[in-house]
Each structure stands twice: as structure tokens, then as C-alpha cells.
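So the structure is just underneath, and the comments pick up after that.
The values are calculated or read from the model by the stated rules, or taken from the named source; none is laboratory data. Everything numeric in this text was worked out from a predicted model, so none of it was measured. Virtual Cβ from ideal backbone geometry, glycine too; neighbours counted across all protein chains shown. Heavy atoms of the whole protein, side chains included, go into the accessibility calculation; ligands, DNA and RNA do not. Shrake-Rupley method; radii C 1.70, N 1.55, O 1.52, S 1.80 Å.
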Amino acid sequence: MDQEEKLGPREILHQTALKAPGQSGVYLWRNGEGAIIYVGKAKNLKNRLTSYFSGNKDIKTRLLVSHARSIEYITTNNEYEAFLLENNLIKQHTPRYNINLKDGKSYPVLRITKEDFPRIFRTRNIVQDGSRYFGPFPDAAALDTFIETLYEIYPLRHCKSFHKKSGSACMYYHIGRCLAPCLGKCDKSTYGEFIEEISTLLENKGDETTKKIENEMRDAAKSLNFEKAARLRDGLAALSILQNQNIVEGFDGDDRDYIASWREGELVSFTVLKIRGGKLLGRDNYRTVTLNEDAEIVPEFMGAYYTEKETVPPKIYVMWQEGMEHMSRWFSENYGIDGCITMVDESTPSSKLHSAAIEMARQNAKEDITRRLRERGDWPAMEELKKVLGLPKLPARIEGFDIAHIGGKFPVASLIVFQNGNPDKKSYRYFRLKTTDGYIDDFQSMREATSRRYTRLVNEKKELPDLILIDGGIGQVNAVDGILKSLDLDIPIAGLAKRDEEIWLPHSEKPICLPKRSDALRLLQRVRDETHRFATSRNQNLRTKENTVSPFTELPGVGKERDRLLMKKYGTLAALAESSEADIAQLLHIRADGATKILMAAKIAVKNQKKKQDRQMLSLDEAGTTWQKAARYKMVSDMAKLAADDDDGSEMVAAFDDGDNGE
């Protein structure tokens, strides 16, 4: 048995990488059947290939290595030759993990059939039978709304079969939505005028038709037919897209494309904003899967997108990145087009307009990725998380906690839920914290929030999470671990520390550090960021004027003006209680007996607050220790009562949302 037979597939691949030359070239990964699954280029083949086997790689890299059984490479004289060869090999072999747009979706078109009385409808199939086609239209919903609007305005036929056997008119005729040409109630010339008017509109010559729809909308509103007016309004919005309305102000009449991308693991979405004649012609979204490096995915996309010279506009704008000079040279040598690529730098004032368009494209790509993750569930991230944290099962349900306060005031704990890797906002909750109101103790705040949450779930026998994520480090994680142990709950816990994105497990000596592009880390960051957003938004809401009550107004003889003076000088009841009758009398311009009453009332209020905090602190401190069984049941009962008395906590069903969804 030779040396290679003793090695596993990964070790054989690693040995091949170590033997690669240190010059530019292209490398090909093949699976067990010999099919090419990925093609990449490198300035230094040895450095690039060995990097696949060093360190803790993200899931997409591990996915490639696990499916590969051999590596081949082709050396070139320079990096540009590698760029050309890579592009040709991708088009020839269409590897699974390279960008291939030929398998992408086809956009719908609007079809006007070649008949005496034509029909109008949306289709993705082109039939060469003399029908007229308009499009394609990237926004299928806008096209549907547009067609619906046409049927609102024009009495066109709806039926697929033109010849009527029954001899009676259909419902559309009786409600005025069709002229019944199938029964000879409409001549060809009248019907043909409608079709030509619609065709003119689709050819961007339809100002009269637009005005007609606007008049119909006004008439419907005057007659209080608001439903029809709303439909016509939506139709105009759809028409504005189909008529190439310029929704990006400030561009001149040049033709240009803006390209941006967004990536989550191996999933990549691209958005192309097509500006023609200074107007936004359309927005094309392309979904693909690639294992290429971030700096190389846009050039790879452009090589697959611009397959003919006629499709290349005079200007293509992309965000600045390395390697784009090869793409410029490729356009020049293949299509004879020089200087068409412009890299946008956000810091340059002259490029602010182009930066705004690039940002628009980037946000569209991000939204598409969000939809893709929602459609499939974030399974790769959950699978990696299960492996990294050693979880007993897939973390399909993750509950995250965070604390928000301002100097100890209005302390709030947020609870958010992710189901299958996506937010489940109907399950969000918040807790008005009672044991840390007025002072800062994040450990104690986390104990209270988790005590109330899981005491309630245990008592009501509701579903428990597969993983609890704490926004914090080892201290917060250990505090929550003590609460769960006191409840006899075995729920995995992890903390994500913001500073270095370190993952802490209970009582661990060192954190887990994942690569920045790790799917598992990305999912934890999404949960952590959502808990922070939810907690902060609720804390801000509590600090608004209508929700804020000054403690000084509860004191005898203190009204609005005296409350303002006391708040300005003392700020808290504790500070006022440390003052003297003389200071209070001088500040408020009152007699000594009035100042004495205020001072005594302040001291009593502070004393009562401290007693309440001490009682609650004692109860929750016991929850963090090893309890006897009877004491544990008492804590469960106490926490259940605390939760039941709380009018803000887990009774909160509707998710508090400040408008920033983050999806």
C-alpha cells in the first residue's frame, strides 16, 4: 500500500496544494465522479490552495473541501491571463460553485395575441405566432397590477376561448368590463383602437392614456368609490415603472448600469440598476451560489452577465475593489469598449450621486438575500452552530436576551426569538426590571429576566428553546446558568461579547472564536443585534415625556415648578434625602416646616425603596445558588407571582417595533 492510499481525501488534497507552484494560474476542484465543481484563479497558486486547509474555515470552504476529491491547476504567465482562463473555463464547464446566470429565472413579458380581438396577459414563454411582446419586466407584481389596471380602463375580452357556444354574454359584459366581441357586440375598429392605445403606452408614448387614468381616479374619488380610486392609484404607480419614470433624480441622459451584491455564506444576490436615457429602466435581481472570494464575485458576475457587446452600456458603476482592472481590460480586448467601468468611492464628494445609486442596488441585493434565508431557513448556520457549540440537537429555536438602561434608570430586558434562523416577532417580549431600578447590575438584571421567563414557561409547560443567547460575556452567562440549574433546566447557553465577537459557554476558561465569515457567527450576530435593537427601542420609549413620572411629585407640597427645581438640583430622591431642611427651604422659598415635611417624606420613600430592593435581591440571589428542593419550589412560586404581577413583562404579546425591522 503506497503513501497516498494511507491518506484520507482531505490529506491528499492538502498534499496537492503543498506541491503547487508559487505563480499565477487557475485551479480546478473535481468531485468523486471527476466533474469540475469549482474553478478559481490565484496570483500565487500555492498560497491560495494551502489557505483552504489552514485555520478554522467558514462553512462554504469546508463544504467545497468535503465534496472535492482532486485538485488540478494550470499555470499562467500573469494574473490577467489567469483571469481570462478562469472566465473561459467557467463558461465551458459551468461548475456548481461558480456563478452561472444561464440557469437563472426568466422575467415575464406582456403578450398581445395576434387575433381579430386580441387578449392581453403575462407570460414567460415566447411563441413565434405573430403576437406582440413587451418587456421583459423584472417586477412581476408591478406588471400584474398594470394589466389589472388596463382591464379597469379598457373593456377587453377575458376569455381564452373566443367562440361562445351558449350564445349568452359573460359576467364581464354585464358589469361593463367587456364589449362581448364573441357575440358580435363590438366591431374590430373600436377594439383595435384600444389595443393600439395600449401598445403606444407600452412603447413609452402614452401620456394621453396616463391622463385618462388620472381623470378616472379623480372621478372615482369624487363619487366616493375609494376602492376603485385606490386600484387606479396603484395602477399609476405600476405604470410609472413600466413607462420608465425617472425615480433617481439628477442623472443626465447617459446609459449606465449600477451593480452591487450582498452575501451570506455561499449565497450571493446581485442587483443591477439599468439606467437608460437618464431613466430607471428596471431592476434585475440575480440569485446564485459561489465559493469565490468577496473581492472576486463582482468581476465573476460581470463576465457571466455581459455576454454580448450590445448589452454593455457606456458606463458601469461598481464599488471600488481590487481586480476590477482585469475586467476593464477584458471589455477592451473582447468588445473594443474602453473605460466603461467606473469604481465609486463613497468618500469622494463628486461621486455622492453614484454612491446613492450603488447603495440602492446594495439594499435590494440585501433584501433578496433576506428573502432567500427566510424561504429556506438558515440551515447551514444552524448546523454549524450545533457542531461548534456541541449542542444535542439543531438550534431551531433560539431565545436571546439583552439589557438596556440609562445610568440605571428605566432598566429593560428584551427577549427575542429566532425560529429556523429567522426572527419570530410575534414571540418577542420585554420585561420592566424591578430589582435593578436605580442602579447598574447587568448580572442581576439578567438573573431577573431569565428567572421570570423560564419560571413561567416551566409552570405553564410551554416550549423551551434549543439555545439561549446572552448579549455579554462569561459573567452574564454564568449568572443565567445558575438560574437554569435552580430550575432543573438543561438548556444550552452561550454569550456573544461585542468587543471581539467571542462566544462564551458557562464556566469556560477561554472563548470560542469563529472566522468572521462563519455562518454560525453570522446567525449569533443577527440574534444579538436584534436583542439590542429591541431592548434599546423599548428603553427609549419609556424615557419619553408621557411615560416618565418624576418621583418628586409624590412628595407633599411639590407641584410642577418645585418639581423642576428639585430635579435640576438633586436629580434623585436619594440625593434629596441627604440634603438639609435649610437647603430645601432656600431652594423652594418655603418655610422651615414645609421643608421638613418634604425631607422626611423623601427619606421614608428612599428607605422603602431600599427595603423592596433588598427583599427582591435576596430572593434572586438564592436562585443563583444550589438550592434544596423545597427552596427551589418556593423560588418557582415567587417568580411566578412576580411574573403574574408584572403588567409589562411576558404578558406583552405584540412585538414592540420602532420601524427598523433589520430583515
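The residues listed here are Phe418, Phe410; of these, the one that is open to solvent by less than 40 Å² (accessible area, probe 1.4 Å), among the aromatic types (Phe, Trp, Tyr) and either under 21 Å from Leu521 (Cα atoms) or touching a residue at least 40 places away in the same chain (Cβ under 8 Å) (or both) is Phe418. Every condition in (1) open to solvent by less than 60 Å² (accessible area, probe 1.4 Å); (2) in a loop (DSSP other than H, G, I, E, B); (3) at pLDDT below 80 holds for Gln128 except the one numbered (1).
Residue count for the range 450-484 under the criterion of being within 27 Å of the chain's Cα centre (by Cα) and of a type in the set (Gly, Ala, Ser): the result is 2.
Residues checked against (1) in a strand (DSSP E or B); (2) free of Cβ contacts under 8 Å to residues at least 40 places away in the same chain; (3) of a type in the set (Asp, Glu):
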| site | (1), (2), (3) |
| --- | --- |
| Asp338 | no, yes, yes |
| Met360 | no, no, no |
| Gln363 | no, yes, no |
| Leu373 | no, no, no |
| Met382 | no, no, no |
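There is at least one residue in the range 486-500 that is over 27 Å from the mean Cα position of the chain (by Cα) and open to solvent by less than 10 Å² (accessible area, probe 1.4 Å).
Within the range 412-436, the set of residues being in a strand (DSSP E or B) and among the aliphatic types (A, V, I, L, M) comprises Val412, Ala413, Leu415, Ile416, Val417. Being assigned to a loop (DSSP other than H, G, I, E, B), modelled with pLDDT under 85 and on the phi < 0 side of the Ramachandran plot holds for only one residue in Lys91, Lys164, Lys114, and it is Lys164. Figure legend. Inter-residue proximity from the range 581-599: first residues free of Cβ contacts under 8 Å to residues at least 60 places away in the same chain and within 15 Å of Leu565 (Cα to Cα), second residues polar (S, T, N, Q) and crowded, with 17+ Cβ neighbours inside 10 Å, beta-carbon distance below 9 Å, spacing 6+ or different chains. Indicated pairs: Leu587/Ser579; Leu599/Ser579. Within the range 315-336, if we keep just the residues that are at pLDDT below 85 and part of a loop (DSSP other than H, G, I, E, B), the residue that is nearest to Phe83 (Cα to Cα) turns out to be Gly323. Could you run through the range 305-347 and say how many residues are closer than 21 Å to Thr288 by Cα and among the acidic types (Asp, Glu)? Counting residues in the range 305-347 that are closer than 21 Å to Thr288 by Cα and among the acidic types (Asp, Glu) gives 1. Of all residues in the range 38-50, those that are assigned to a strand (DSSP E or B) and open to solvent by less than 10 Å² (accessible area, probe 1.4 Å) total 4. Of all residues in the range 427-459, those being modelled with pLDDT of 90 or more and surrounded by fewer than 16 Cβ atoms within 10 Å (Cβ to Cβ) number 1.
Restricting attention to the range 302-314 and to residues that are of a type outside the set (Phe, Trp, Tyr) and not in a helix (DSSP H, G or I), the residue that is surrounded by the fewest Cβ atoms within 10 Å (Cβ to Cβ) turns out to be Glu308. Among the residues in the range 229-242, are any modelled with pLDDT of 70 or more and open to solvent by less than 40 Å² (accessible area, probe 1.4 Å)? Among the residues of the range 229-242, at least one is modelled with pLDDT of 70 or more and open to solvent by less than 40 Å² (accessible area, probe 1.4 Å), which makes the answer yes. Pairing each residue of the range 308-322 that is of a type in the set (Lys, Arg) with any residue that is buried (at least 16 other Cβ atoms within 10 Å of the Cβ) and in a loop (DSSP other than H, G, I, E, B), provided the two are 6+ apart or on different chains, yields C-beta distances under 7 Å for Lys315/Cys340. Checked against (1) in contact with a helix residue (DSSP H, G or I) (Cβ under 9 Å, 6 or more places away or on another chain); (2) over 27 Å from Leu267 (Cβ atoms); (3) in contact (Cβ under 8 Å) with a residue 40 or more places away in the chain, Arg517 passes all but a single condition, namely (2). Out of all the residues in the range 51-60, is one or more part of a helix (DSSP H, G or I), open to solvent by less than 70 Å² (accessible area, probe 1.4 Å) and at pLDDT below 85? Yes: one or more hits.
Applying the condition of being open to solvent by 30 Å² or more (accessible area, probe 1.4 Å) and part of a strand (DSSP E or B) to the range 265-284 and asking which residue is modelled with the highest pLDDT yields Lys274. Suppose we keep only residues that are part of a helix (DSSP H, G or I), over 21 Å from His532 (Cβ atoms) and in contact with a helix residue (DSSP H, G or I) (Cβ under 7 Å, 6 or more places away or on another chain) within the range 384-407. Which one would you say is least open to solvent (accessible area, probe 1.4 Å)? If we take residues in the range 384-407 being part of a helix (DSSP H, G or I), over 21 Å from His532 (Cβ atoms) and in contact with a helix residue (DSSP H, G or I) (Cβ under 7 Å, 6 or more places away or on another chain), then Glu384 is least open to solvent (accessible area, probe 1.4 Å).
The range 460-520 holds strands (runs of 3 or more DSSP E) entirely within its bounds, and those carrying 1 or more residues that are modelled with pLDDT under 90 and not hydroxyl-bearing (Ser, Thr, Tyr) map to 493-497.
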